[in-house]
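Notes for the one structure printed next.
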Amino acid sequence: GFTVGSLTNYVNEQSKDLMTALHFEGATSKLAYAHPGIKSAEAIQLLASTPVPQDGSTCAFNASGDTAFTQAVLTVKSVKWQDTLCLRTLESKWTQLLLKKGQTYTEADIPGKVMDEVIELIIQQMETADWAGDTNSANAYLNRYDGLQKIIKATSGTNVATAVAGPVTVSNVRTIVQNVLAAIPAKLKGNPKVKILMGHDIAELYRTKVFTDNLYHFSANGDQTGLKAEGSVHEIVPLHGLDGFAANSGDNPFIFACIPDRNLHFGFDMLNEEEKAELGMDQYNENAWYTFRLKRGWQIIYPAEIVEYSNS
């Protein structure tokens, strides 16, 4: 027979595909510039050159202009999700159908739908925190790392669109989008890489308004995907991380215009041996357990290219 007494109990480590999903399935992180391999912080190196034209009718060489290097520091924070699951709790309800026959359970018997739900909720939590995260918040779902709303609000030099008295409604949403368009820097106007980022709720108000005003020949079955702000090449990109801010007032921005993969920078590790997903079984207490660990953080660069909007 087999002799395995000297071996430790098997722990099922999930594939790297799971960690990739946790990092990239959120809509905002897919848009941003990704920085893997950050364990604590990374300096984003910025270069700005100012060449100066000169009179070319002479042979003399005259050095002119400047090339400046600056940095923006992208810091990541450690985040984890952990829980224990007593599979025997499922035996007395209809949930017994999720369990295999017999009384010896392992981590492999955790119902797949349970883990799918856990992973889906983690992705949703991170999408919200990517925008609304604030390490000073009392909300456990938001205080792991600072999100883009806080970072952009705290950065000087952004373009602030003219505010409208809130909340955002179907009657004022066109004006708000026009104000955002007006605040886009002149050098970026007409650049289709500039996107307008807002919640799905506000994007739906805008789509409804331009449809009912009969501004364009919209399909009655159309959705928010590919919708451009009226009279422009700038696509409206709805993000669930920005849902629920239509009634915000004061200096709390919730609509943004930028080039996402240039201005928004997303940091994570994924190369760190501590950054992993595991399922296991406590052989003594007979509880299954899971643990997800990762590092995550955000930074912006070139704030003079970013437009932010908040209600008055």
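The values are calculated or read from the model by the stated rules, or taken from the named source; none is laboratory data. Note that the coordinates shown come from a computational prediction; the quantities given were computed from them, not determined experimentally. Quick reminder, even Gly has a Cβ in these numbers, built from the backbone with ideal geometry, and neighbours come from all protein chains shown. Note: accessible area is taken over every heavy atom of the protein model, side chains too, but ligands, DNA and RNA are not part of it. Shrake-Rupley method; radii C 1.70, N 1.55, O 1.52, S 1.80 Å.
Among the listed pairs Lys39/Lys153; Lys77/Lys150; Lys150/Lys195, a Cα-Cα separation exceeding 23 Å is found for Lys39/Lys153. In this structure the amide hydrogen of Ile259, modeled in the peptide plane, comes within under 5 Å of the amide hydrogens of Lys195, none closer than 5 places in sequence on its chain.
Just the protein heavy atoms count here, and of the accessible area of the chain at 1.4 Å, carbon and sulfur take up 54 percent. Distance between the pseudo-spin-label points of Ser249 and Ser49 (7 Å out from Cα toward the beta carbon): 5.0 nm. Computed from label points 7 Å out along Cα-Cβ, the spacing between Ala182 and Ser137 is 3.1 nm. In plain terms, the chain from Lys276 to Gln71 could stretch by 70.8 nm, reckoned as 0.36 nm per residue minus the Cα-Cα distance. Calculated FRET efficiency, Asn191 to Ser78, Cβ-Cβ distance, R0 = 45 Å: about 0.75 to the nearest 0.05.
Using 0.36 nm per residue of separation minus the Cα-Cα distance, give me the extension gain between Thr95 and Ser64 in nm, one decimal.
Working: separation 31, 0.36 × 31 = 11.16 nm, distance 7.53 nm.
Using 0.36 nm per residue and subtracting the Cα-Cα distance, I get 3.6 nm.
Computed over the chain, the quotient of the alpha carbon radius of gyration and 2.2 N^0.38 Å is 1.28.
How large is the accessible surface per residue of the range 45-90, computed with a 1.4 Å probe and reported in Å² as a whole number? Don't skip to the end; give the middle numbers.
Working: 3510 Å² over 46 residues.
Ligands and nucleic acids excluded, the figure is 76 Å² per residue.
Between Thr162 and Asp261, the simple spin-label model (points 7 angstrom out along Cα→Cβ) gives 3.4 nm.
Would you work out the Kirkwood radius for the range 122-241? I mean one over the mean of 1/r across all pairs of different Cα atoms, in Å. Intermediate results must be reported in sequence, preceding the final value.
Details: mean 1/r = 0.0630 Å⁻¹.
Roughly 15.9 Å, rounded to one decimal.
Under the 0.36 nm per residue contour assumption, what length would be gained going from the current alpha-carbon distance of Ser57 and Leu121 to full extension? Show your work: numbers first, answer last.
Numbers: separation 64, 0.36 × 64 = 23.04 nm, distance 6.68 nm.
Length difference between fully extended and current span is 16.4 nm.
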